[in-house]
Amino acid sequence: QVQLVESGGGLVQAGGSLRLSCAASGRTFSSYAMGWFRQAPGKERAFVAAINWNGLSTYYADSVKGRFTISRDNAKNTVYLQMNSLKPEDTAVYYCARRWGTLVRDGAQYDYWGQGTQVTVSS
């Protein structure tokens, strides 16, 4: 059974930074692509970023490009999301998810999800 556990969320002022972590259980972490998604109150879940199995390929939503950086450490079974220049509209619950194969933004193509971590950006 795969478990994904996010951490690092919190309250930050606009312009600030946070780094989210997603720790995965199991021995096959390095074989999978990983993604970050977010869901704001009253809105649908939205793609944020994805990274391939070896970290050499990344993919970002236009809304976060240039501000957020996704990375991974396969030795630690962990994927990260460094979030800089945060804006109030970045406020959401952030989820990590796992996918076998290429980088995609469709959450339906990810098979395991974490429980989420709240990020709140004050103006």
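The values are calculated or read from the model by the stated rules, or taken from the named source; none is laboratory data. Note that this is a predicted model, so its numbers are computed, not measured. Cβ placement follows ideal geometry from the backbone for every residue including glycine, while neighbour counts extend to all protein chains displayed. The protein model used for the area step is the full one, side chains on, heavy atoms only, and it has no ligands, DNA or RNA in it. Shrake-Rupley method; radii C 1.70, N 1.55, O 1.52, S 1.80 Å.
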State the number of residues belonging to segment 27-56 that are of a type outside the set (A, V, I, L, M, F, W, C), exposed (fewer than 15 other Cβ atoms within 10 Å of the Cβ) and not in a helix (DSSP H, G or I).
7
Of everything in segment 94-123, what is buried (at least 17 other Cβ atoms within 10 Å of the Cβ) and free of Cβ contacts under 8 Å to residues at least 60 places away in the same chain? Give them in sequence order.
none
Just to be sure I understand the filter: pairs with C-beta atoms under 9 Å, separated by 6 or more residues or on different chains, first member in segment 1-18 and without any contact (Cβ under 8 Å) to a residue 60 or more places away in the chain and farther than 19 Å from Tyr110 by Cβ, second member hydroxyl-bearing (Ser, Thr, Tyr) and surrounded by 13 or more Cβ atoms within 10 Å (Cβ to Cβ). Which pairs pass?
none
Reported set for segment 57-77 where residues are among the aliphatic types (A, V, I, L, M) and open to solvent by less than 70 Å² (accessible area, probe 1.4 Å) is Ala61, Val64, Ile70
Among the listed residues Arg38, Arg45, Arg27, Arg19, which satisfies the condition of being modelled with pLDDT under 95 and among the basic types (Lys, Arg)?
Arg27
A careful count of residues in segment 62-79 that are in a strand (DSSP E or B) and under 12 Å from Cys22 (Cα atoms) gives 6
